[in-house]
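The values are calculated or read from the model by the stated rules, or taken from the named source; none is laboratory data. Computed from a prediction, not measured in an experiment: that's the story for all the values here. Cβ coordinates were reconstructed from backbone atoms using ideal geometry, including for glycine residues, and neighbour counts include every protein chain displayed.
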Amino acid sequence: MPFYFVSTPTSVKNNNPGAVSGIGVGSFFTDLRWNYPNKSLNYSSAVHVTAPTGDKKKGFSIGHATWNQTNHFDHAFGDFSPFLDAGVGNSILDTKFFHRPFATYGYNAQFNGGIEYDPGKFSFSVAAYDVAPWGNQTVISRVFRCGSAKCSSGGATKNRKSFTTSNVSTGAADLVRDNGYNAGIDYKPVGYLDFEFDYSRSVPLQLNSYSFGIGVDLSWLLRPRVH
């Protein structure tokens, strides 16, 4: 159950005084995961399902249930691990690198490939990604809230940055087609604590994203200790 604190950029407010920030609960979701480690090739898969419980006017829901199925492959050569992620769904799934200022509804395939270097407590990764949609697409802005009781699109558009001027946008596949690259640094000072800083660049949107995360492995803390 995600909880969002969204601040509307000053550049959006200056051009559109009606755009306001939003705080609230997003769409409920659940994940089902499989892991198949192997010396030759590690494989994992996940199914991500959401329910339309968030506020659509704030951009916390697209008003439909969504699903995504992703697959991950990697193989270690010493400290280096090339990897490939490939998935399909009816919404573009946010990643740890890229939390978009909008949500989408429409079929697409996503690919992400790169390499990770893990010599010890620090690890580094670089990758390139591509989003290949097809069919009609809907974009729900997270930084521009509509003022009417019912949010709707003003008509089909090809403007990929329509999320800065409209709460709801519709168009063909090119509306959400995307590609770019990302990089991350991970630091694990102790076995149960993890710090991560990530950067992503969307080339078509000319959009830079930065994120910082702290992870705590509760299962490690609950394990019995031998003294």
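In table form, for the structure just shown:
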item: Meets criteria (under 22 Å from Asn35 (Cβ atoms) and either exposed (fewer than 14 other Cβ atoms within 10 Å of the Cβ) or among the β-branched types (Val, Ile, Thr) (or both)) for Thr95; result: yes
item: Every residue from the range 155-186 that is surrounded by fewer than 18 Cβ atoms within 10 Å (Cβ to Cβ), in a strand (DSSP E or B) and not hydroxyl-bearing (Ser, Thr, Tyr); result: Ala156, Asn179, Ala183, Ile185
item: Flag if Tyr181 is out of contact with any Pro (no Cβ under 6 Å at 6 or more places or on another chain) and either in contact (Cβ under 8 Å) with a residue 24 or more places away in the chain or within 24 Å of Asp74 (Cα to Cα) (or both); result: yes
item: Selection from the range 76-92 of residues that are surrounded by 15 or more Cβ atoms within 10 Å (Cβ to Cβ) and not hydrophobic (A, V, I, L, M, F, W, C); result: Ser81, Asp85, Gly87, Gly89, Asn90, Ser91
item: Qualifying positions in the range 97-137 - closer than 14 Å to Tyr181 by Cα and touching a Leu at 6+ places or on another chain (Cβ under 7 Å); result: Gln110, Gly113
item: Those strands (runs of 3 or more DSSP E) lying entirely in the range 77-142 with at least 3 residues more than 14 Å from the chain's Cα centre (by Cα), over 27 Å from Tyr4 (Cα atoms) and touching a residue at least 60 places away in the same chain (Cβ under 8 Å); result: 122-133
item: Test: residue in the range 196-213 that is more than 27 Å from Pro119 (Cβ to Cβ), assigned to a strand (DSSP E or B), in contact with a Pro (Cβ under 9 Å, 6 or more places away or on another chain) and at pLDDT below 90; result: yes
item: Residues located in the range 58-68, provided they are buried (at least 19 other Cβ atoms within 10 Å of the Cβ) and part of a loop (DSSP other than H, G, I, E, B); result: Lys58, Gly59, Phe60, Ser61, Ile62
item: Test: residue in the range 187-194 that is touching a residue at least 60 places away in the same chain (Cβ under 8 Å), surrounded by 16 or more Cβ atoms within 10 Å (Cβ to Cβ) and touching an Asp or Glu at 6+ places or on another chain (Cβ under 8 Å); result: yes
item: Qualifying positions in the range 30-47 - under 21 Å from His99 (Cβ atoms), out of contact with any Leu (no Cβ under 6 Å at 6 or more places or on another chain) and surrounded by 15 or more Cβ atoms within 10 Å (Cβ to Cβ); result: Ala46
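To keep it simple, each residue is scored yes or no on (1) among the hydroxyl-bearing types (Ser, Thr, Tyr); (2) closer than 29 Å to Pro133 by Cα; (3) more than 14 Å from the chain's Cα centre (by Cα).
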{"residue": "Pro189", "(1), (2), (3)": "no, no, yes"}
{"residue": "Tyr192", "(1), (2), (3)": "yes, no, yes"}
{"residue": "Glu196", "(1), (2), (3)": "no, no, yes"}
{"residue": "Gln206", "(1), (2), (3)": "no, yes, yes"}
{"residue": "Ser209", "(1), (2), (3)": "yes, yes, no"}
{"residue": "Leu218", "(1), (2), (3)": "no, no, yes"}
{"residue": "Leu222", "(1), (2), (3)": "no, no, yes"}
